[in-house]
Amino acid sequence: MRAVTFTLDQPESSHIAYRMFGADSEFEREQIYHLNVLADETVILLGRLRGDLDEARRLLGDHTDVLGYSISSEEPQNGLVYIHARPPPAMKRFLELPRIHEVFFNFPIGSTSDGRLSVEMLGETNDVLREALADVPPQLDVTIERIGPYPDAGGHIVALLTDRQREVLDVALSLGYYDVPRQATHSDIAERLDCSVATVGEHLQKIESRVFKHIRP
């Protein structure tokens, strides 16, 4: 089994999916647990949303493409959201890739700090994955982070990471970032790698997220 990890940049659009989950949105999509295209070509989504949930309810209730929704929350800024909607054509085409090609998405789907989807897609061969990626609508900008063997439970945990993430992790470990007490900061790592502190923070967040998801029971 092979896997490709990539980010998906959403186009500027007035559609509810982009308004709520885009880079400039006041909402933060934490994870998408399920996405599916129904027989009538509408889409259902289950995910976790952080932000002004009352504003989210207003936007969902006012949008003509939203056929139904619910937001369940015990906290005012963090809730589980269910949406049934007519999707933008490009996103519908993307979600149909598992039906058209011999691939499937590995859920949950995450998101980056700048509003992009972070997706892992699985298939039997690299060629199958490349064919599916070539079928992604051009409106959705794909940035491939890693393609190779699927890091299943028996694989080495480092295989979960991209080359750049491994480089960041190596520097963090060598400087003592994960020592107790901590011997280095994001600034120290950024100086060694000649990049911004924000970039280091995003890389470490992705590294920790992937590792923790892999090892949790």
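The values are calculated or read from the model by the stated rules, or taken from the named source; none is laboratory data. Everything numeric here is computed off the predicted structure, so don't read it as measured data. Positions of Cβ are generated from backbone atoms using ideal geometry, with glycine treated the same way; all protein chains shown enter the neighbour counts. Calculation scope for accessible area: heavy atoms of the full protein, side chains included, ligands and nucleic acids excluded. Shrake-Rupley method; radii C 1.70, N 1.55, O 1.52, S 1.80 Å.
Once the Cα-Cα distance is subtracted from the 0.36 nm per residue extended length, the TYR33 to SER196 segment shows a gain of 55.6 nm. Computed from the alpha carbon atoms alone, the convex hull of the stretch 70-111 holds 113 Å³ per residue.
Our estimate of slack between MET1 and GLU74, defined as 0.36 nm per intervening residue step minus the Cα-Cα distance, is 22.4 nm. Spatially, the stretch 35-57 and the stretch 85-116 are offset by 13 Å when compared through their Cα centroids.
Close amide-amide hydrogen proximity is noted between ASP141 and ASP9, each under 5 Å apart and 5 or more residues distant or on a separate chain (H modeled in the peptide plane; Pro and chain starts excluded). When SER196, SER118 are compared by accessible surface with a 1.4 Å probe, the order from highest to lowest is SER196, SER118.
Shown are LEU80, LEU122, whose ranking by accessible area with a 1.4 Å probe and every protein chain present, most to least, is LEU80, LEU122. Using a Förster distance of 41 angstrom, determine the FRET efficiency expected from the C-beta separation of GLU41 and THR125, and round it to 0.05. Once the sixth-power term is evaluated, E becomes 0.90. Here is the P(r) of the stretch 2-149: all C-alpha pair distances, binned every 5 Å from 0, give 2, 9, 19, 23, 21, 13, 8, 4, 1, 0 in whole percents.
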